[in-house]
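Presented below is the structure to which this report refers.
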Amino acid sequence: MGHTRVPLMYTSTRSHRDKRRSSRLQPSMPNYNLNNALGAIGVLGLELIADELKPHLNTVLTNIKERKKGAAEQVVISGILPILALSLRSRGPLAVLTAKLVAELAKESVVRKYFGDAGLVTALLSVLTSPDQELLLHAARAISRMSYDSSKLQEQLLRRGAVPRLVAILLRFSDKEALEEVCLQALCNLSGMGVAEEAGMVWERGTSVRPGESVFHGISPHTCGFASSVTLVCVSQWAPGQYAVNVEVFQRCSSSLWSLHGNKRPARWFTFSSLGSCSNLYKVIKISTKNVSRTKSLKTRVFHTFL
């Protein structure tokens, strides 16, 4: 089918809010190849014709991965985010490519703040039950990135059952290192710990002390060389089909640093706000704060999850 002349600017009936949003997000220099691809996706997207959509999705993916100037704004203006959500929910031949694109878009703050309204939060969660490991990998990575520094998206994901789905993947694919790492990072970001990919976190399985318990710890060295943070994620079964997830972050400093500052370090408190009322799939049972010291954790977040 020939769609050789896609309009340069894709137009459709939009609400007043969408028009105001578009006027705020005008890219400084339009990328015409990207704009043509976005227009084609807007025209063809509702039919989800894989052969025709795939090259256009790849064009968008390339521009976003290369961080082309104004590309993220063009994606928002084009209105294709609901089409990406539709593609994910359909779990058709474009689902993996779409999830990969959404994971890249999740890096862009100007894009991810519209994920909720576009239906991408629920769409990403819907594919976390898929048997396709590549699809799971990209979807979990998107969830990790979008929840890194957004309390609003964290709350939406938690209320819709992100934690039990991620725990299920951890238990189901325990021998898949890449899936394990991205799920652990997503759990940390959902808990508000903010584990950045650039931190170079290295995850290892720890020793379990109780039956039905899985322990993971990740080490992220600091650039100064004096200290490193250690993140502990513990998943323990407390009833049939029910698990508690505990996320803690410790600060590990070198002996030389402690000898210099150990006796002068003032006590500090970290306060975490409640996430409000939660669904029956997710319930915050304890949000604790502790003094910063050599022996106690900097942050702790505990939740119960029902599988």
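The values are calculated or read from the model by the stated rules, or taken from the named source; none is laboratory data. All of these numbers come straight from a predicted model, not from anything done at the bench. Neighbour counts are summed over all protein chains in view; Cβ atoms, including those assigned to glycine, are modelled from backbone coordinates with ideal geometry.
Identify, from the list V245, V233, the residue that is modelled with pLDDT of 80 or more and touching a Ser or Thr at 6+ places or on another chain (Cβ under 7 Å).
V245
Report, by residue number, each residue of the stretch 140-157 that is surrounded by fewer than 24 Cβ atoms within 10 Å (Cβ to Cβ) and touching a Leu at 6+ places or on another chain (Cβ under 7 Å).
Q154, E155
Can you list residue pairs whose Cβ atoms sit under 7 Å apart, with the first residue in the stretch 152-172 being over 15 Å from V233 (Cα atoms) and the second being modelled with pLDDT under 90 and hydroxyl-bearing (S, T, Y)? Count only pairs 6 or more apart in sequence or on different chains.
So the pair list comes out as L158/Y282; R159/S279; R159/Y282; G161/S279; G161/Y282.
Considering only residues that are over 18 Å from the mean Cα position of the chain (by Cα) and of a type outside the set (K, R), which ones fall in the stretch 161-186?
Just the residues of the stretch 161-186 that are over 18 Å from the mean Cα position of the chain (by Cα), to begin with: 171-176.
Answer for the stretch 161-186, where residues must be over 18 Å from the mean Cα position of the chain (by Cα) and of a type outside the set (K, R): L171, F173, S174, D175.
Just the residues that are of a type in the set (K, R) and crowded, with 20+ Cβ neighbours inside 10 Å, please, taken from the stretch 106-139.
Residue satisfying the conditions is R112 alone.
Name the residues in the stretch 48-96 that are on the phi < 0 side of the Ramachandran plot and not in a helix (DSSP H, G or I), would you?
I49, E66, K68, K69, I80, G92, P93, L94
Does G45 meet the test of being at pLDDT below 95 and farther than 25 Å from S150 by Cβ?
In short, yes.
So the check is Cβ under 9 Å with 6+ separation or different chains; which pairs have a first residue in the stretch 101-117 that's of a type in the set (S, T, N, Q) and a second one that's modelled with pLDDT under 95 and surrounded by fewer than 17 Cβ atoms within 10 Å (Cβ to Cβ)?
S109/D149
Which of the residues that make up the stretch 173-183 are in a helix (DSSP H, G or I) and either under 21 Å from V111 (Cα atoms) or in contact with a helix residue (DSSP H, G or I) (Cβ under 7 Å, 6 or more places away or on another chain) (or both)?
Result: A178, L179, E180, V182, C183.
Out of everything in the stretch 141-172 that is assigned to a helix (DSSP H, G or I) and hydroxyl-bearing (S, T, Y), what residue ends up being modelled with the highest pLDDT?
By that ranking, first place goes to S144.
What about S214, is it of a type in the set (S, T, Y) and at pLDDT 90 or above?
Spelling it out, S214 is indeed of a type in the set (S, T, Y) and at pLDDT 90 or above.
Please verify whether the stretch 180-193 includes one or more residues that are crowded, with 19+ Cβ neighbours inside 10 Å, among the β-branched types (V, I, T) and at pLDDT below 90.
The answer is no, given that none of the residues of the stretch 180-193 is crowded, with 19+ Cβ neighbours inside 10 Å, among the β-branched types (V, I, T) and at pLDDT below 90.
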